[in-house]
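Here the structure comes first, spelled out in structure tokens, and everything after it is commentary.
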């Protein structure tokens with residue numbers, strides 16, 4: 001979760017613009033969705049209906065529907081173009097998609113048996129998003145999600161001094177705010193996943209194409225081009241990939257589960 005405020009209109013605009021390129025660059029996002037799906041599998045038989053909060057172009061929703069075809073599932077996302085892309089991919093199975101903010105879900109209380117989400121809540125304020133997930137869950141309902149931790153893109157923070165890093169919540173803070181929202185039987189784990197990119201610019205291009213382009217500023221006295229070149233050289237020297245060439249970028253993936261009792 002974000003420690004500070006983040007403009008919801010900016011989030012909507014960035015992800016809306018990335019709808020057409022998202023699937024081609026979201027390799028880490030697919031991994032995160034698979035991690036959530038594995039937790040859903042491990043939880044045992046799933047009750048219906050299931051809500052995918054922040055479904056994007058439908059990675060997790062596709063996994064849920066293919067793994068549990070008998071379960072009714074729907075998805076919600078803040079970016080309408082993302083939902084359109086999800087519907088195009090799903091074809092006749094693309095019903096049940098709703099444009100909405102995870103901080104103000106348009107569903108009645110206790111509407112879902114399961115709420116799942118992958119890489120959405122890092123863009124939200126936990127003071128609103130977690131209580132909303134709690135509200136729409138039935139008693140006994142399961143909440144499983146992935147989000148990003150503070151170690152995400154540490155390499156970029158070190159090499160590009162104009163990078164305005166977003167302060168994501170630590171695992172312990174996430175667990176605490178889950179309890180504050182009313183959840184019980186919480187479990188929160190964190191791990192570092194390293195992804196390889198062709199070079200520094202490939203990393204920035206990937207972030208832009210998935211709608212998560214970080215805010216960058218030039219260092220004092222540097223032009224944008226010079227600042228970028230210096231950051232690229234530093235990144236290549238300090239964080240090279242050992243095999244296959246390119247550079248590495250770290251993501252702290254946090255997986256959490258909780259129950260509404």
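Peptide packing: for 112-121, 36-45, the average count of neighbouring Cβ atoms within 10 Å per residue gives the ranking 112-121, 36-45, highest mean first.
Estimated purely from DSSP H runs of n ≥ 4, each contributing -39500 (n - 2.57), the mean residue ellipticity at 222 nm for the chain is -11500 deg cm²/dmol once divided by its residues. Of the two radii for the chain, the radius of gyration is 0.98 times the Kirkwood radius, both from the alpha carbons; that is the Rg over Rh value.
Largest mean-square fluctuation among 230, 184, 35, in a Gaussian network model of the chain whose springs join Cα atoms under 10 Å apart, belongs to 230.
Relative contact order, percent, of the range 1-141 when contacts are C-alpha pairs under 8 Å separated by at least 6 residues? Once normalised by length, the contact order is 29 percent. From most to least packed by mean Cβ count within 10 Å, the peptides 249-261, 233-245, 49-61, 169-181 give 49-61, 249-261, 169-181, 233-245. For the chain, the relative contact order comes to 23 percent (Cα pairs under 8 Å, sequence separation of at least 6). In this structure, residue 261 and residue 17 have a Cβ-Cβ separation that, at R0 = 45 Å, corresponds to a calculated FRET efficiency of about 0.65. Applying 0.36 nm per residue to the separation of residue 250 and residue 167 and subtracting their alpha-carbon distance, the gain on full extension is 28.4 nm.
Read-outs: derived from the displayed coordinates by stated rules, not from any lab. All figures in this text were calculated on a predicted structure; none of them were measured in a lab. Note that we place each Cβ from the backbone using ideal geometry, even for glycine, and neighbour counts take in every protein chain shown.
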